[in-house]
1. Determine the pairs where a residue that is of a type in the set (S, T, Y), located within the stretch 107-133, has a partner that is assigned to a loop (DSSP other than H, G, I, E, B) and exposed (fewer than 11 other Cβ atoms within 10 Å of the Cβ) with Cβ atoms under 7 Å apart, the partner being 6 or more residues away or on another chain.
2. Output the number of residues of the stretch 203-247 satisfying the condition of being surrounded by fewer than 16 Cβ atoms within 10 Å (Cβ to Cβ), among the charged types (D, E, K, R) and within 17 Å of V173 (Cα to Cα).
3. Give all pairs with beta carbons closer than 7 Å in which a residue from the stretch 43-67 that is within 17 Å of F22 (Cβ to Cβ) meets a residue that is of a type in the set (S, T, N, Q) and in a helix (DSSP H, G or I); count only pairs at least 6 apart in sequence or on separate chains.
4. Of all residues in the stretch 57-93, which are surrounded by fewer than 22 Cβ atoms within 10 Å (Cβ to Cβ), under 19 Å from L107 (Cβ atoms) and of a type in the set (A, V, I, L, M)?
5. Given the conditions (1) under 18 Å from K102 (Cβ atoms); (2) touching a helix residue (DSSP H, G or I) at 6+ places or on another chain (Cβ under 7 Å); (3) at pLDDT below 95, which single one is not true for L140?
6. Tell me whether the stretch 32-49 contains one or more residues that are closer than 30 Å to W146 by Cα and touching a strand residue (DSSP E or B) at 6+ places or on another chain (Cβ under 6 Å).
7. Any idea how many residues of the stretch 179-200 are over 13 Å from C159 (Cβ atoms) and either free of Cβ contacts under 8 Å to residues at least 24 places away in the same chain or in contact with a Cys (Cβ under 6 Å, 6 or more places away or on another chain) (or both)?
8. For L296, work out the one condition from (1) assigned to a loop (DSSP other than H, G, I, E, B); (2) touching a strand residue (DSSP E or B) at 6+ places or on another chain (Cβ under 9 Å); (3) aliphatic (A, V, I, L, M) it doesn't fulfil.
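The values are calculated or read from the model by the stated rules, or taken from the named source; none is laboratory data. Note that this is a predicted model, so its numbers are computed, not measured. Glycine gets a Cβ as well: all are built from the backbone with ideal geometry, and neighbour counts include every protein chain shown.
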Amino acid sequence: MIIHELLTLPCGVSIEKDPCLFWADTCGEPLLSSLETWGQIEPVIVCSKGSRLVLVAGYKRHQGLKSLGLNIQALHISNPGAWGRGMVYLLSNLGQSLDPLKKILALRYFESMKKDLSRIHQLLGIPSGSRDEHLFSAWLNLPSTWDGLLRENPQLLPCAGMLSSMDSKDLDVVFPFLSGLGWSLNRARGFLGMLNHIAARDRKSLRDVAAELHLERVLHRDLTPKDKMQALLNSLNRAAYPEYSRLREKTKKQLDRLTASTDWQCTHPDNFESPALEFRVRVRNSRELGEAAGQLQKIAGSGIMSTWPVYPYD
């Protein structure tokens, strides 16, 4: 059982930040305004390490009180050790909304002590034996420098299995491409999957594949993040499936020719999984509708339509 006593500490007292404060964040305006108006309602939690006081919970309150020059009400507890300090902090913050990054930061702290994490998983809302448990465990195999990607892109967590199977050199290759672009899960999987496919097929390293396809140049081009991702995927797709890519590009050119000098647009959304085409036109009145209908008749009689459909195996 933790023994505790309530202390009133002067504003200038030295209190060190303990590593157990894995979710520590700056004191925002709402909390600062509350402290200034109402004072400190809940004490911070401290313990002693030798002659030093260390902060175990209440980081934002502590920072806010210091900035306001107010005394600090602190609950002083007997030092429960590194695992115990982490548990005190975690239990003091369970009301927070826990995104993937927060869960990983907590798991990183406790994992370093090489103990059973089942209780921590339970407190973090990660069911035992679940897919989430496997994903978080796989992510912990990545360097901690990868954790920042979950801040900007939490949907990358399901890629943990694929990423954790890579060695450190391959991780160094893919990291710049996954950082800062806002990948969706499907696109990220497609990027990693095609990169690995090409490397395995050609018996080359990921670094060599990326260099031969000049993928890094895409990151330095003056493009939006969305366009950079599409350019990367296009380059990999052409290298991974050259014949299929050639047929897609040829088909697009034919369909563009098919609707040239008309108001119609034509796409092949199923990518040869079916012969279906989509035709779209926008009209503002009956006259334009009549003109579009005439254009569509000419399109139907085109030589390009007479050779449709085409399939990758033809």
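1. From residues that are of a type in the set (S, T, Y), the pairs are S118/S128.
2. 7
3. Hits for this filter: I45/S92; A57/S92.
4. A82, M87, V88, L90, L91
5. Exception for L140: condition (3).
6. No, the conditions are met nowhere in the stretch 32-49.
7. Count: 2.
8. Going through the list (1) assigned to a loop (DSSP other than H, G, I, E, B); (2) touching a strand residue (DSSP E or B) at 6+ places or on another chain (Cβ under 9 Å); (3) aliphatic (A, V, I, L, M), L296 breaks only (1).
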